[in-house]
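These notes concern the structure reproduced below.
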Amino acid sequence: MASLKEKIGYALGDAAAGGITWKVMSIAFPLFFTNVFGLTVADTATLMIIARMFDVVTDPLMGSLADRTQSRWGTYRPWLIYGAIPFGLIFALLLYTPDFGLTGKRIWAYTLYLLMMAVYTAVNVPYGSMLGVMTSDDNEKNQFSSFRMVGAYAMGFITLMSFPYLQKMVGGTAQHQYAVLGAFFGILAAAGTLACGLMTKERLKPVRAEKFSFKPFADLFRNKPWIILTLIGVCMNFFNGFRYAVAGYMFEYCMHGEVNVGRLIINYTVFMTFGELTCMIFGGVSPLFTKWVGSKRMAFVWAGVICLVTSVLYFFIPMSPDYIWLMVAVVILTSVGIGIYSPLLWSMYADVADYATEKNGTSSTGLIFSSGTMAMKFGTAISGSLVALLLGIAGFISGTDANGQTVITITDEASVQSMIWALFSIFPAIIAAVMIGLLYVYPIKK
């Protein structure tokens with residue numbers, strides 16, 4: 001029986017990865033790269049596509065490597081313990097803008113972004129895989145998964161809500177603000193990752209293959225539950241990725257800057273914070289809701305329906321700061337669905353790992369969970385890349401001038417605004433519909 005302390009320790013792992021680094025990378029990076037760092041829209045889109053091609057190789061290899069790790073810390077925990085400091089350090093460097101020309105900035109951004117993806121994989125794939133070896137009890141797996149999501153969303157809430165206030169506190173240029181906050185949040189991410197590695201336990205020993213083999217990779221593509229669940233994971237992160245990536249542009253170009261309601265600053269990070277708080281609450285409710293509807297699959301379906309309906313509703317809200325509270329209300333409703341389905345994905349991957357072990361005779365837990373991490377990175381980054389490309393098509397042009405200063409040009413304001421609004425609502429709604437269809441053919445009925 002796992003203790004409350006251990007569940008909190010496990011939650012700290014995703015508080016660091018999902019609540020700090022990935023949240024900032026998902027929400028702030030597209031706008032940061034084009035409007036602060038000074039990359040072109042094409043450079044930003046290309047960077048994220050290259051990173052995903054990189055992940056297609058590194059994520060499954062990392063999963064296979066983690067499955068074969070043996071140390072006094074266990075199979076998966078040593079990757080968190082020894083990876084914590086590089087994780088925080090590279091994140092901090094990625095938010096620093098060097099005084100280079102466009103070519104130098106490209107090299108810096110591409111190098112650091114790929115390094116960040118590599119170290120994120122080295123930490124997060126083993127972290128997710130730990131769920132398969134901490135307990136054999138299905139209800140306890142749901143609890144660990146729920147704690148994980150609550151930790152991620154609670155820290156995401158703190159990160160996003162505090163971001164504009166910390167920027168004002170730091171002062172100076174936007175480049176200086178992001179550099180200082182990168183260092184601050186990088187230290188927090190490293191501390192949370194290390195604490196997770198030290199506070200958790202691995203109770204079950206994976207049934208290891210004697211030698212490295214490509215057979216587990218081939219087995220994945222004969223594993224129908226894995227194929228469908230990975231596609232669901234990609235859709236889930238496309239849904240989140242479009243909304244996160246375009247939120248900054250929505251406030252900058254549709255709302256014309258932050259909205260002040262009394263002393264409350266509502267910018268793009270604070271706006272998404274309302275959703276983070278809702279996700280945190282309903283992430284905790286998710287196990288109870290799952291019991292009520294009878295299965296993880298049906299709970300996921302109902303959550304997807306909520307996301308579909310509310311995303312369509314958002315499209316019809318007038319594009320004006322006067323309707324800010326209506327926008328917040330619809331974001332909160334959408335986040336009810338996100339909060340319910342987020343813990344379910346990882347618990348369902350544990351089911352798929354158990355299914356694979358029974359079918360193949362050896363454990364491929366790390367490899368299977370690596371596909372969940374790859375789906376997360378693939379969906380988030382490709383959606384961010386598509387946001388950049390589609391905004392470019394609509395008339396948004398960014399770049400760096402001869403003096404190294406960021407220059408933004410909009411050739412068709414109405415077209416750019418309409419594209420932004422659709423990227424936050426209609427595009428996610430289409431993805432939610434696809435996700436619901438996939439859930440109906442998912443074969444594990446737990």
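A few notes on this one:
- A viscosity of 1.306 mPa s and a temperature of 10 °C, combined with the Kirkwood radius over C-alpha pairs in the Stokes-Einstein formula, give region 98-149 a diffusion coefficient of 116 µm²/s.
- Taken over the chain, the convex hull of the Cα atoms encloses 130 Å³ per residue.
- Filter on 23/446; 205/291; 201/291; 7/291; 7/446; 205/446 - keep pairs with C-alpha separation over 25 Å: 23/446; 205/291; 201/291
- Where the Cα pairs of region 124-165 fall when distances are cut into 5 Å bins, in %: 6, 20, 21, 20, 13, 10, 7, 3, 1
- The accessible area of residue 22, taken with all protein chains in place and a 1.4 Å probe, comes to roughly 20 Å².
- Normalised contact order of the chain, rounded percent, pairs of Cα under 8 Å and 6 or more residues apart: 30
- For the chain, carbon and sulfur atoms together expose 69% of the accessible surface, with a 1.4 angstrom probe and every protein chain in place.
- Centre separation in Å (Cα based) which lies between region 131-198 and region 274-292: 18
- With the charge dipole of the chain set up from +1 on Lys and Arg Cβ and -1 on Asp and Glu Cβ about the Cα centre, the Cα lying farthest toward the positive end among the listed residues 232, 422, 53 is that of 232.
- log10 of Debye I(q)/I(0), alpha-carbon scatterers only, for region 127-206 at 0.19 Å⁻¹: -0.87
- Applying a DSSP loop filter and a limit of 10 other Cβ atoms within 10 Å to the trypsin sites (Lys or Arg not before Pro) in region 1-84 leaves 72.
- Helices that extend 30 Å or more along their long axis by alpha-carbon positions and average at least -1.0 on the Kyte-Doolittle scale are, among the DSSP H runs of the chain, 41-67, 102-129, 138-170, 174-199, 224-249, 268-293, 324-360, 365-394.
- The protection proxy used here, the mean number of other Cβ atoms lying within 10 Å of each residue, ranks peptides 93-100, 233-240, 44-51 as follows, highest first: 233-240, 44-51, 93-100.
- In this structure the chain gives 38 Å² per residue of accessible area when probed at 1.4 Å with all protein chains present.
- Taken about its Cα centre, the chain carries a charge dipole of about 1300 debye when Lys and Arg each add +1 at the Cβ and Asp and Glu each add -1 at the Cβ.
- For the chain, adding -39500 (n - 2.57) for each run of n ≥ 4 DSSP H residues and dividing by the number of residues yields -25500 deg cm²/dmol at 222 nm.
- Radius ratio Rg over Rh of region 1-114, counting only Cα atoms, Kirkwood formula for Rh: 1.04
The values are calculated or read from the model by the stated rules, or taken from the named source; none is laboratory data. As the structure is a computational prediction, the values presented were derived from the model and not from experiment. When we count neighbours, we look across all protein chains shown, and the Cβ atoms used for this are built from the backbone with ideal geometry, even at glycine. Surface accessibility is based on the protein's heavy atoms, side chains included, excluding ligands, DNA and RNA. Shrake-Rupley method; radii C 1.70, N 1.55, O 1.52, S 1.80 Å.
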